[in-house]
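What follows draws every value from the coordinates through simple rules; no lab data is involved. All figures in this text were calculated on a predicted structure; none of them were measured in a lab. As a convention, Cβ positions derive from the backbone with ideal geometry for all residues, glycine included, and neighbour counts pool all protein chains shown.
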Amino acid sequence: MPKPRNVQISLQDTPYYHCVTRCVRRSFLCGIDKYSNKSYEHRREWVEKRIHFLASVFAIDVCAYAVMSNHTHVVLHVDSSQAEDWSVEEVIMSWHKLFSGTLLTQRYMDNAKKLNMTDAQIRAVHDTVNVWRKRLRDISWFMRCLNEYIARQANKEDNCTGRFWEGRFKSQALLDEAAILACMAYVDLNPVRAKMAKTPESSSFTSFQYRVNAMKKQKSQKYLMPFSGGVSDSSLKALPYSLPDYLRLVDETGKHVRQDKRGAIDNSIPDILTRLGIQNEHWLELTTRFEQCFNGAAGRLEYLERYSKNRNITRVHCKHASLRLLG
């Protein structure tokens, strides 16, 4: 039975989560339907643009994403401190980008009309803002704003009604750096594993291709969480790795994935694997079967045990996989 979302999301344990949404109908999210020969490729751009847009609105960073034929992957980072630092006006402006808001919040943002608002109306606005502030750092609201938007667009194009996605998205807590890195590589290599692309950089509508293109153009990756350059500093809002290290790691992993020969490993493995203490064969298994290895939270055993304790879960799930793959 699926677990309640409040059991899966535990920000005291980790701000990083892997979310997957799958289509419920036979029709593709994207790609070409072999029954009707109709192309849905243009929908990939819908999803990518929406992910970028939501990253600019929510206090949630996007670490990685991949838009597949019948499902999407996103790796998210919740930035609670950013949401708390937003002013009342900033929260309202962000929410109004998604929804029309209320009559009172609309009046509040109009300087001329704001002067005529009563104290009770101002308090009502502040109460509403407190609710919106929580939602703007909530993964469920992020995924709702992504999935509902795409479903409405697709249903309108297909001239039909009803569910487009499965009942709800799957969420995995990523409890340590090894789990975060392995999951990001798993997501970025999804098109390569599915034989939709020959190389990670040619995998359209993925975070890997977006990062590479931005690097080539010497532009900032404004819609994705940046890399810190390999410096582990909790005060930095960045992934604690080097971008070149990550790109090389995904590329080398992708070569082995395409050959499907887990035993034929080159001796020149990026140093980052050694730093994380992951064996080569275990790394390949993680980055090709991440969702099968961990069907819930992912991370080393000590983090899984703490996560289970904080969520009042008596049994530590995926304990043996954690010990075998992450040490």
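Observations, loosely collected:
- Net charge, L247 excluded, C-beta distance under 11 Å - Lys, Arg +1, Asp, Glu -1: -3
- Partners for K114 among aspartates and glutamates (Cα-Cα distance below 20 Å; same-chain residues under 8 apart left out): E89, E90, D127
- Sequence-ordered 3J(HN,Hα) estimates for region 316-327 from the Karplus curve with 6.51, -1.76 and 1.60 and θ = phi - 60° stand at 7, 6, 6, 4, 5, 5, 4, 5, 6, 8, 10, x Hz, glycine and proline given as x.
- Under 5 Å between amide hydrogens, built in the peptide plane, is the criterion, and for D79 it picks out I60, D61 among residues at least 5 positions away or on other chains.
- Reachable aspartates and glutamates from K156, criterion Cα separation under 19 angstrom, eight or more residues apart if same chain: D33, E41, E45, E48, E148, E166
- Ordering of 312-322, 203-213 by packing [mean C-beta count within 10 Å, highest first]: 203-213, 312-322
- Surrounding net charge for Y108, when Lys and Arg each add one and Asp and Glu each subtract one, Cβ distance under 10 Å: +1
- Extension gain, K309-E45: 0.36 nm per intervening residue step, less the Cα-Cα distance, totals 91.0 nm.
- Peptides ranked, highest mean first, by Cβ atoms within 10 Å: ranges 37-43, 136-142: 136-142, 37-43
- Put simply, the Cα atoms of region 46-106 extend 42, 25, 12 Å along their principal axes, the longest span coming first.
- Just so you know, the Rg over Rh for region 87-135 is 0.93, from Cα atoms, with Rh as the Kirkwood radius.
- Range of Cα positions in region 283-327 per principal axis (Å), largest first: 32, 18, 12
- Within the same chain, lysines fewer than 8 places from K113 are excluded, and of the rest, those with a Cα less than 28 Å from its Cα are K97, K134.
- Mean Cβ count within 10 Å, highest first, over the residues of peptides 107-118, 77-88: 77-88, 107-118
- Inter-part distance where region 94-144 and region 161-225 are each reduced to a Cα centre, Å: 32
- The amide H of F227, built 1.01 Å from its N in the peptide plane, has L239 as neighbours under 5 Å, considering only residues 5 or more places off or on other chains.
- Each distinct pair of alpha carbons in region 88-227 adds a 1/r term; the inverse of their mean, the Kirkwood radius, is 19.0 Å.
- Electrostatic dipole magnitude of region 87-135 [Cβ: Lys, Arg +1; Asp, Glu -1; Cα centre; debye, to 20]: 140
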